[in-house]
Amino acid sequence: MSGQMNVTPSAESIAASAKAAQGKGLPPVHKWDPPFSGNLDMRIARDGTWFYQGTPITRPALVRLFSTILRKDGDDYFLVTPVEKVGIEVDDAPFVAVDFTAEGSGQEQVLTFETNVGDTVVAGPDAPIRVARDAETGEPSPYVMVRAGLEALIDRKSFYRLAEIGTHHHDGGQDWFGLWSQGVFFPVIPSEELPQK
């Protein structure tokens, strides 16, 4: 997106269009195909903070509104309304999973995540959990799919709590420590890499 020029769409005009298009539930952004209007000086930081022209957006209702019209096409992120499509920058994942609940146990366990923008998602076949490892440090970054290619980075406190309810399972020819939700096992780290107690 860096080769594209910044143009005149503003956060205010996008918000007005988004409000006008809202009905019950999430807007059908996957069905909208407006012309590309350029890039907006908006960025979502790794911690989930939304910035407009370098200043944090402090109104939760406005952040929520923008989050409902966010779409990922390829590797790029856009705010999409019926009349405009503008590019924005996302440092990592667009959302942060700030809490979760666990019901049941073992293969019957169900993990439900809550994001910083008010979405709830149940991990499972349609909302997988994945863990990326930093190539140099090995530091894990866990994610859960929220919708349509948009992931939430699972925050540190939630990840520590998940580690407490994780279990070992043989998956894909290897022993893994991971998590069950809705009958699906999500590998987190090879069992052999965990310290032996």
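What the table below lists for this structure:
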quantity: Any hit, the stretch 108-128, residues being more than 20 Å from GLY25 (Cβ to Cβ), of a type in the set (S, T, N, Q) and either surrounded by 15 or more Cβ atoms within 10 Å (Cβ to Cβ) or touching a residue at least 24 places away in the same chain (Cβ under 8 Å) (or both); calculated: yes
quantity: Residue count for the stretch 64-100, restricted to those that are farther than 14 Å from LEU26 by Cα and either open to solvent by less than 20 Å² (accessible area, probe 1.4 Å) or touching a residue at least 12 places away in the same chain (Cβ under 8 Å) (or both); calculated: 22
quantity: Qualifying positions in the stretch 174-197 - over 23 Å from the mean Cα position of the chain (by Cα) and part of a strand (DSSP E or B); calculated: GLN174, ASP175, TRP176, PRO190
quantity: Sole exception among (1) within 23 Å of MET42 (Cβ to Cβ); (2) hydrophobic (A, V, I, L, M, F, W, C); (3) open to solvent by less than 50 Å² (accessible area, probe 1.4 Å) for VAL131, by number; calculated: (1)
quantity: Looking only at the stretch 166-197, and only at residues there that are in contact with a Leu (Cβ under 7 Å, 6 or more places away or on another chain) and hydrophobic (A, V, I, L, M, F, W, C), the one that is farthest from PRO128 (Cα to Cα); calculated: PHE177
quantity: Number of positions in the stretch 24-51 that are closer than 22 Å to ASP92 by Cβ and buried (at least 18 other Cβ atoms within 10 Å of the Cβ); calculated: 7
quantity: Near pairs, Cβ below 8 angstrom, 6+ apart or cross-chain, from the stretch 33-44 (touching a residue at least 40 places away in the same chain (Cβ under 8 Å) and on the phi < 0 side of the Ramachandran plot) to any residue that is open to solvent by less than 10 Å² (accessible area, probe 1.4 Å) and among the hydroxyl-bearing types (Ser, Thr, Tyr); calculated: PRO34/THR81
quantity: Count - residues of the stretch 68-115 that are in contact with a helix residue (DSSP H, G or I) (Cβ under 8 Å, 6 or more places away or on another chain) and aromatic (Phe, Trp, Tyr); calculated: 3
quantity: Qualifying positions in the stretch 140-173 - without any contact (Cβ under 8 Å) to a residue 60 or more places away in the chain, in a loop (DSSP other than H, G, I, E, B) and either within 13 Å of ASP92 (Cβ to Cβ) or in contact with a strand residue (DSSP E or B) (Cβ under 6 Å, 6 or more places away or on another chain) (or both); calculated: ASP155, GLY166
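Here is a yes/no grid of residues against (1) charged (D, E, K, R); (2) closer than 30 Å to ILE165 by Cβ; (3) in contact with a Ser or Thr (Cβ under 8 Å, 6 or more places away or on another chain):
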| residue | (1), (2), (3) |
| --- | --- |
| ILE44 | no, yes, no |
| THR49 | no, yes, no |
| VAL80 | no, no, no |
| GLU84 | yes, no, yes |
| PHE113 | no, yes, yes |
| MET145 | no, yes, no |
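Rundown of residues vs (1) under 30 Å from ASN39 (Cα atoms); (2) modelled with pLDDT of 95 or more; (3) over 11 Å from the mean Cα position of the chain (by Cα); (4) not β-branched (Val, Ile, Thr), yes/no style:
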{"site": "VAL83", "(1), (2), (3), (4)": "yes, no, yes, no"}
{"site": "PHE100", "(1), (2), (3), (4)": "no, yes, yes, yes"}
{"site": "GLY124", "(1), (2), (3), (4)": "no, yes, yes, yes"}
{"site": "TYR143", "(1), (2), (3), (4)": "yes, yes, no, yes"}
{"site": "ILE154", "(1), (2), (3), (4)": "yes, yes, no, no"}
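The values are calculated or read from the model by the stated rules, or taken from the named source; none is laboratory data. This is a predicted model, so every value here is computed, not measured. Quick reminder, even Gly has a Cβ in these numbers, built from the backbone with ideal geometry, and neighbours come from all protein chains shown. Each accessible area value is taken on the protein alone, full model and side chains, heavy atoms only, with ligands, DNA and RNA left out. Shrake-Rupley method; radii C 1.70, N 1.55, O 1.52, S 1.80 Å.
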